[in-house]
1. Test of the criteria: in the range 106-208, which GluC sites (Glu not before Pro) are in a DSSP loop and have at most 13 other Cβ atoms within 10 angstrom of their Cβ?
2. Using the Karplus curve 6.51 cos²θ - 1.76 cosθ + 1.60 with θ = phi - 60°, what ³J(HN,Hα) values do you get for each residue of the range 196-211, in whole Hz, with x for Gly and Pro?
3. Nearest 0.05, what FRET efficiency do residue 201 and residue 140 give at R0 = 30 Å with Cβ-Cβ as r?
4. Does a label point 7 Å from the Cα of residue 190, set along Cα-to-beta-carbon, have any residues of the range 158-175 with amide nitrogen under 18 Å, and which are they?
5. In whole Å, largest first, what are the principal axis extents of the Cα atoms in the range 96-181?
6. Take residue 105 and residue 119, extend 7 Å from each Cα along the Cα→Cβ direction, and tell me the distance between the two endpoints in nm.
7. Hey, what does the equivalent ellipsoid look like for the range 149-211, semi-axes from the Cα gyration tensor as sqrt of 5 times each eigenvalue, largest first, whole Å?
8. Report the extension gain between residue 132 and residue 174 in nm, rounded to one decimal, defined as 0.36 nm multiplied by the number of residues separating them, less their alpha carbon distance.
Amino acid sequence: MSGLDGMRLEPALLAFVVAASGVACHTLREEEPTLPSATPAPLVPIAPVGTSPLPTPRPTPGGPGSPPPDEDPFPAPPGGGSCSDPQPPPASRMDVKIHIYGASRLVLDSTPLVGPDEAYCKLIGFTDGRRFCPTRSEGNPERFACDAMVVGNAADTGRPGPTWKANGGPCVFANGCENHPDNQFLAFAYAPGSYQACAASGVCGTLAVAP
């Protein structure tokens, strides 16, 4: 056999080599890791093009769902009602303090004090001999009604409670002040200054808010 003949492969041997190579390649491809198939995202209903969500219906004045014309648009906070006997004497002081320290504002609270009347204070539960006291003890269901009786209505909102002022001006955001949306005896203070709560009779209480 010549050198050239030695390099030749017999047909049967060549076929075996080719077949073996094909099996090896096929085996390698099958052992390659496969990526997990992506899970299809859930379908989200989409409104037809050109449409927008329907607005929440709001009651129109005098229409269905609106309060009667004679109903108070600013109802008393829970616990409101009537102030029964013994009814308080006129307010002689307004106690103003910081009720809540918030992140960007303070919540101010005002409490009318009546007196000097030790007999009245004792009659409603203050037995420590004080002559000036709130109209009712804390938690009494008549507290708001009795407070409203001695304070009257605010000049700016018309709600039962004091008229708030900031640095001598009205209680508006430009002055760093805002009336509480639900309770006229509370107000928001956004800046340092002098804050006042005044009863309709002219009795006022003042609080200095430091920087």
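What follows is calculated from the coordinates using simple rules that are stated; it is not laboratory data. As the structure is a prediction and not an experimental result, all values here were calculated from the model. Backbone-built Cβ (ideal geometry, glycine too); neighbour counts: all protein chains shown.
1. On the way: sites: 118, 138, 142, 178; in loops: 138, 142.
Qualifying residues, ordered by number: 138.
2. For the range 196-211, the Karplus curve yields 10, 10, 10, 6, 4, 6, x, 6, 10, x, 10, 10, 8, 9, 7, x Hz.
3. Numbers: r = 22 Å, r/R0 = 0.75.
Given R0 = 30 Å and the Cβ-Cβ separation, E is 0.85.
4. Within reach of a label on residue 190: 164-175.
5. That gives 44, 28, 24 Å along the principal axes, largest extent first.
6. The answer from the label model is 4.5 nm.
7. On the way: eigenvalues 70, 31, 16 Å².
Working from the Cα gyration tensor, I get semi-axes of 19, 12, 9 Å.
8. Details: separation 42, 0.36 × 42 = 15.12 nm, distance 3.52 nm.
Length gained, residue 132 through residue 174: 11.6 nm.
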